[in-house]
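One structure below.
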Amino acid sequence: MGCTSSVYAVGRKKKLSIPEMVMFVPSMRIPVQSDLQRPLRGLISKDLADRLSSLRNQIVLVAEDTGGSAITELRRVLEEYLSVLICLTKKDDGLIEFKWRNLEHGRQEICVANFWFELLSVLHLMAMLTLSEADSLMIPKDPTGSGLRVVSSDCKREAIDLLLKASGYLDCCIRDILVHIPFDIKKRLPKSFQPGALEAMSIQTLGQGTEIQLGLAVESQNATLSVKRRLACEQLVYFSQAYQCLSECDTDRGYEKKHMSFIKWKFLESKAAAYYYHGLILDKGSEPSCHVSAVCCFLAAEELLLESKRACLSFCLASPVTRSPPLWGAMKHLHQKIPEVASRKSQMYGYLLEQEKALQALPELPEFQLSLRPEEYQLPEIDSSAWSSEHCEAQSQTLKEHLNDSDYETLSE
């Protein structure tokens, strides 16, 4: 097999492909193929151990063969595996090691003997697959090659639903799983599994959902300035909260550094949008102070927009390198409107700026109650068909006998 692969590899130049990213999707971790039957002997029945091992290995094969792109198939197997795995959390822990690895960097393995870690890893993978699906909906293929790419409103709404679902998975990781993992194991978990990183990711997905909502509002003729300002301010709060959560983690390198770069980029974009729409509303006032405050908002939005462009470049260049998508949603509109309005209004009210220098202060943005919430996810009920009384009860075999039996089989092989 190795020789055949080498022959086909000769003379074939690997094409460099830089992926495009609209939704931030952290690196996926997939399970490493392993034999669970032997360590599970004595804890559960042989049939059930075979089923668990088979489902886990199915996840490995599908993930490795497709690079994680077979989202529907992977989700189906993960959900089935999760429904069977859940009862193992009631069993004696520490005997079975679960291995996982980074899909992009196969050598980065982690091995933990804890059932709750396995649940955390499965649910985290489900969240990453859901984010990946939302990302693919926001990056349509252009079959004509014209460079014109249109994302339908239905796709955008479906992407929002997926983002809420992913946020719910991550929220469940924090609320229902992480609390059961001992502190000494928590310290060894990947950075992306740390509480701050999980919470930042959960909140950030809500911010990305709000970003899509703002884009839909900009495209709608019925959406008022107040609605657009509210959505921009909400988006700003989500990314501000995500930044605070991730600041508690080590973000000096790797995907964590890229994650932080993404949050900074989106924070600056949303702040620019919030000040722009706030300025438009203030400018409707009749007092000179209203116009002065509006111009201050427009100029701040213009400066923030320039900073966001630099932040976007930093995000794209942070390892692993990615391409930024063409301008979409609200930013497609605002990248043109903000500089235009800032220039026009500063010229129009230049005399007021000179007369009312004492009023040249950037007004505070209004606060709103956040609209989006994670879609609530509860861990599945115990699979009654799998965990019938004869299955759920451990076989009458003590731990000492279980270990001796395993040692005996090893020697006899």
### Summary
Computed Rg/Rh for the stretch 22-139 (Cα atoms; Rh = Kirkwood radius) stands at 0.98
### Query
Considering only DSSP states other than H, G, I, E and B, which trypsin sites (Lys or Arg not before Pro) in the stretch 292-324 qualify as loop sites with at most 15 other Cβ atoms within 10 Å?
none
### Summary
Other residues with Cβ under 11 Å from the Cβ of L225 give, with Lys and Arg +1 and Asp and Glu -1, a net charge of +3
### Summary
Residue by residue through the stretch 65-76, the couplings from Karplus 6.51 cos²θ - 1.76 cosθ + 1.60 with θ = phi - 60°, in Hz, x for Gly and Pro, are 5, 10, x, x, 7, 7, 5, 4, 5, 5, 4, 4
### Query
Can you work out ³J(HN,Hα) from phi for every residue in the stretch 332-341, in order, using Karplus 6.51 cos²θ - 1.76 cosθ + 1.60 and θ = phi - 60°, giving whole Hz and x for Gly and Pro?
4, 7, 6, 4, 8, 6, 4, x, 5, 5
### Query
If you project the alpha carbons of the stretch 194-374 onto the principal axes, what extent comes out on each, in Å, largest first?
52, 30, 30
#### Entry: Linear extension gain, A113 paired with S343, 0.36 nm per residue minus alpha-carbon span
76.6 nm
### Summary
Excluding ligands, DNA and RNA, the carbon-plus-sulfur percentage of the accessible area of the stretch 194-374 with a 1.4 Å probe reads 50
### Message
If you take every residue apart from R75 with its C-beta less than 13 Å away from the C-beta of R75, what net charge results, scoring Lys and Arg +1 and Asp and Glu -1?
### Response
-2
### Query
Residues of the stretch 194-374: accessible area per residue at 1.4 Å, in Å²?
46
### Message
Applying a 10 Å radius around every beta-carbon, put 340-348, 266-274, 55-63 in order of their mean neighbour count, most first.
### Response
266-274, 55-63, 340-348
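The values are calculated or read from the model by the stated rules, or taken from the named source; none is laboratory data. The model shown is predicted, which means the values in this text are computed figures rather than measured ones. When we count neighbours, we look across all protein chains shown, and the Cβ atoms used for this are built from the backbone with ideal geometry, even at glycine. Remember, those area values only see protein heavy atoms, side chains included, never the ligands or the DNA or RNA. Shrake-Rupley method; radii C 1.70, N 1.55, O 1.52, S 1.80 Å.
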